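The values are calculated or read from the model by the stated rules, or taken from the named source; none is laboratory data. What you see is a predicted model, and the numbers here were worked out from it, not measured in a lab. Cβ atoms come from the backbone with ideal geometry, glycine included; neighbour counts cover every protein chain shown. Side chains are part of the model used for accessible areas, which takes the heavy atoms of the whole protein and leaves out ligands, DNA and RNA. Shrake-Rupley method; radii C 1.70, N 1.55, O 1.52, S 1.80 Å.
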Amino acid sequence: MNLLYGIGFVAALLIALLMTPLVKRFAFWVGAVDAPNHRKVHSRIMPRLGGLAIFIAFIAAYFVVSPAINTLKTDVVFGLLVGGAIVVLIGALDDRFDLSPKIKLLGQILAASVVVYSGAVIDLVNLPFGDGAVSLTWLAIPLTIFWIVGVTNAINLIDGLDGLSAGVSGIATTTILVLALMMGNVTVALLCIVLLGSIAGFLFYNFHPAKIFMGDSGALFLGFCLATLSVLGFKQATVVSLLVPIMILGVPLSDTFFAIMRRWVNNLPISAADKSHLHHCLLQLGFSHRTTVLIIYGIAVFFGSSAVLLSFMSEQDALWGAVILIAILLFVLVLGAEAIGIISKTKKPVLHFLNKVRVKTMQLSTRSRMSK
């Protein structure tokens, strides 16, 4: 099995390496290019449609290896492939024609519905204490569709620097792969392997300085795959393990959450575009393009490692471990968000509170020394 996994990874890597230059020429030929503007970091016209290379490598490598494995769940794989084709088509059309948000959302809902129809649904939650379980019944389908559409767009939101979205997606894919191997989930493991190879091959051309952008065709496809793979890996989950996919996708999900909060605080529409995402804030602090990407890679690795650590714990230990870990993560996230101004440049309540506590502590310490 390990040999087949290796063949799948190498096949996806090589196909992505071969296809990306061809897709680059095709993007220029059809006019699917990204021109610089006040919100963009790049300063020259860049080809998009890189997602086509990732998708072709993913599909081709899967069909190279899958005939040799007879334990795959072909129904859910079919759902992922068809749904993936839909989001790639929608993304590619957007890369060329700039589709309206409503059309893109409808396409994503259609793709998510295909996955749900194939059987990939979060349908059961085991209780943390005892042997009971809660069936999500009618909530299962809308919850799964909401998760897939949400993660799909979250990956798209962080696609703002060379290699950022691809690298973060690669780290998340690696984390899901590790967990799939731990659980013996052959289907998810193989899909992760070929997706990871496709990302690695494309990243060779996409890391700073990029020669091609993945565009919406790539960002939407990667987000869709990660959302679907997380559903397949945690289809019947405990209350605690439901947190694992959230941790795996911690970078895009937290950046999306902060974007919503930022627009709410500033009385802006949620769909309003801005230049205050995590990567923008780090660039404004003076970090270079490459360093900013590597910092965010490090954050993604931290989230992924936390997810794997949580999965190693027993259910009882994981319950308390999750509470402590989430409390620490939330505190660090809020401090980091306020420090770099990702929500607001002026409204920083937690930092102001901590500063007041520090001042009060220093005053009490000074009075104590003077009284002696």
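Quick notes on this structure:
- Note on Phe331/Tyr117: beta-carbon distance plugged into 1/(1 + (r/R0)^6) with R0 of 51 Å gives a FRET efficiency of 0.80.
- Along the stretch 287-303 the Karplus relation, 6.51 cos²θ - 1.76 cosθ + 1.60 evaluated at θ = phi - 60°, assigns HN-Hα couplings of 6, 6, 4, 5, 5, 4, 4, 5, 4, 5, 4, x, 5, 5, 5, 4, 4 Hz to successive residues, with x for each Gly and Pro.
- For Val82, solvent-accessible area (1.4 Å; no DNA, RNA or ligand), Å²: 50 Å²
- Look at the dipole of the chain built from charges on Cβ: of Leu110, Leu157, Asn355, the Cα furthest out on the positive end belongs to Asn355.
- Within the shell of other residues whose beta carbon sits under 14 angstrom from the beta carbon of Met261, the net charge comes to +2, with Lys and Arg scored +1 and Asp and Glu -1.
- Theoretical ellipticity at 222 nm over the chain - DSSP helices of four or more residues, -39500 (n - 2.57) apiece, nearest 500: -24500 deg cm²/dmol
- Of (i) 1.01; (ii) 1.09; (iii) 0.98, the label for Rg/Rh (Cα atoms, Kirkwood Rh) derived from the coordinates: (i)
- Computed lengthening from Ile45 to Val10, 0.36 nm per intervening residue step minus Cα-Cα distance: 9.5 nm
- Dipole in debye (nearest 20) - the chain, about Cα centre, beta carbon charges: Lys, Arg +1; Asp, Glu -1: 1680 debye
- Computed with a 1.4 Å probe over protein heavy atoms only, the accessible surface of the chain comes to 48 Å² per residue.
- Farthest toward the positive end of the dipole of the chain, out of Gly6, Ile296, Ile171, is the Cα of Ile296, where the dipole comes from beta carbon charges about the Cα centre.
- Take the Cβ atoms of Met1 and Leu22, set R0 to 35 Å, and the FRET efficiency comes out at 0.65.
- Computed FRET value (nearest 0.05) for Val308 with Thr366, which takes r as the C-beta separation and R₀ as 51 Å: 0.65
- Given their separation in residues at 0.36 nm each and the Cα-Cα distance between them, Val30 and Lys73 gain 11.8 nm when the chain is fully extended.
- Projected label points at Ser100 and Trp264, each 7 Å from Cα along the beta carbon direction, are separated by 2.7 nanometres.
- Taking the 1.4 Å solvent-accessible surface of the stretch 64-215 as the whole, the part contributed by carbon and sulfur is 71%.
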